[in-house]
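The values are calculated or read from the model by the stated rules, or taken from the named source; none is laboratory data. Keep in mind that what you see is a predicted model, and the values were worked out from it rather than measured. Cβ sites come from the backbone with ideal geometry, for glycine too, and all protein chains shown count toward neighbours.
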């Protein structure tokens, strides 16, 4: 019974704890700080952009400008130094910051093109806008802070999973396991309208055995989980916060 | 793949949460419960063709604390072979790094839900006796449960009563282990099931000041975080709270609770540990005395109460004697007329 590994069996399957971007963003080391802020911006710019579109009814162009200006100010004025994870989640903190920022900003204010030398994250606003338009018809957001929190939460998860899927594609590609990713994409991501294919159908489609489908999918799902949780860990400050966020992300909160 | 629909996200959540059982002999069926530490899944043991429950940590645990706690729980369960404790079938680490253990799948109901339905007072008391027996057994093996409550008791369809969730159990130092009646103390210390002899399994220790347990069922000394001085009497307090849950009308919606039972629950839940029952067996024996119509340790009766209890216990005999006397008196009266 080789699966009944001894208690305390193989260790080190999980990667060592990645640095917390939220903590590192307050570092005195400019390089570390810049890298950390880059990670935070990557995780949050798209949810913020969509939030501005839906909560503040900003046009596409205005939402782009405000997103950029807000992120620039977040970095320049070091908003994150006021963040206390014991009091609120990072998403809620950022939403409140965005609300204050928009409320305090006159539309005619300087549309600064700041931060270019500080931040090196390409913001694909066209892609974000396409996603927003795609999803808007299905959105029924009530005008309350709670529902906007939920919206931001949903978009944060969507963005995090999107980034994790992209990472998984690169990970599989680099290891010559693109087939694994394609199976995962076909089985878990495909929304082409037809019903979800069976493992047997996938085996036929990819010209492999059903057991290979099972194994390849298990591999891809395992790596996806690992990558998504690694990215999530960057956005948390402590092990307890990470566990709480991870359980919410995976939908396994206590019943 | 730039756009992930809500449906795709839901599938990814499921894919990310499901344990990677590929490569094991278990086949996932469904998640049946989630707790503070992890989730319990129903699975099929493909080798033996039976259903099992698998408890798994939900998320990576960088500190290793939760993994150690789950492993320790598996060790404790494996060491406590008793009809009131769920048997462990296997344990290990999955391919995705999550620690797990597989145990018997108990088809039944939690005590809090079970007791909402029917069940007579004597029936509930007999279940309580079984819980006391199980806890007393664990105490003789040097294990405190520390989170006894109705939600952690399972009742099966064939009368099984199982004490579950030993995740925050404490292993007592050998000198603190209670001795079952008739067994010398050194014999208990050397019993193969006595966990306190193996110091490697006591880790991770709960830090002094840490509060583990459930408010309402937790002894005052446990709520204070006085971890080092906790002993069996903390569990006896929790048993008293469970008894109260089972018999007190406000909680149960039953008829008036007999004073003797209230006294038993109060004695078990005394704020002073020294004033509680000395052992879970003693508490269970007091319940047995109540069920047999005998005086209980916790409730000194006055003469009227003693007569009332005596009358209740021998009700049938008293009715027969009285009937005989009445009939005889009538016959005497009839023949003398």
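Taking the options B:68, B:46, B:91, B:74, name whichever one is over 26 Å from the mean Cα position of the chain (by Cα) and within 12 Å of chain A (Cβ to nearest Cβ).
B:46
Identify the residue in region B:16-41 that is farther than 13 Å from residue B:59 by Cα and within 7 Å of chain A (Cβ to nearest Cβ) and, among all such residues, is surrounded by the fewest Cβ atoms within 10 Å (Cβ to Cβ).
Of everything passing the filter in region B:16-41, B:23 is surrounded by the fewest Cβ atoms within 10 Å (Cβ to Cβ).
Which one of these is out of contact with any helix residue (DSSP H, G or I) (no Cβ under 8 Å at 6 or more places or on another chain) and in the same structural domain as residue B:217 (by TED's automatic domain parsing): B:140, B:155, B:134?
The unique qualifying residue is B:134.
Of the conditions (1) modelled with pLDDT under 90; (2) more than 12 Å from chain B (Cβ to nearest Cβ), residue A:131 fails just one. Which one is it?
Unmet condition: (2).
So which helices (runs of 4 or more DSSP H) stay within region A:180-255 end to end and still have 2 or more residues that are more than 14 Å from residue A:166 (Cα to Cα) and away from chain B (no Cβ under 11 Å)?
By residue number, A:199-206, A:210-234.
Here are some conditions: (1) touching a strand residue (DSSP E or B) at 6+ places or on another chain (Cβ under 7 Å); (2) within 10 Å of chain A (Cβ to nearest Cβ). Residue B:54 meets all but one. Which one does it not meet?
(2)
Checking the conditions here, which among A:5, A:17 is modelled with pLDDT under 85, touching a helix residue (DSSP H, G or I) at 6+ places or on another chain (Cβ under 7 Å) and surrounded by fewer than 19 Cβ atoms within 10 Å (Cβ to Cβ)?
Testing whether each residue is modelled with pLDDT under 85, touching a helix residue (DSSP H, G or I) at 6+ places or on another chain (Cβ under 7 Å) and surrounded by fewer than 19 Cβ atoms within 10 Å (Cβ to Cβ) leaves just A:17.
So in region B:94-122, with the set limited to residues that are within 14 Å of chain A (Cβ to nearest Cβ) and touching a strand residue (DSSP E or B) at 6+ places or on another chain (Cβ under 7 Å), which one is surrounded by the fewest Cβ atoms within 10 Å (Cβ to Cβ)?
It comes out as B:110.
Out of all the residues in region B:123-151, which are crowded, with 20+ Cβ neighbours inside 10 Å and either in a strand (DSSP E or B) or without any contact (Cβ under 8 Å) to a residue 24 or more places away in the chain (or both)?
Listed by number, the residues that qualify are B:143, B:144.
Looking at (1) closer than 17 Å to residue A:243 by Cβ; (2) modelled with pLDDT of 90 or more; (3) surrounded by fewer than 21 Cβ atoms within 10 Å (Cβ to Cβ), which is the one condition that is false for residue B:48?
(1)
Taking region B:1-41 as the region of interest, how many residues are touching a residue at least 12 places away in the same chain (Cβ under 8 Å) and over 24 Å from residue B:68 (Cα atoms)?
3
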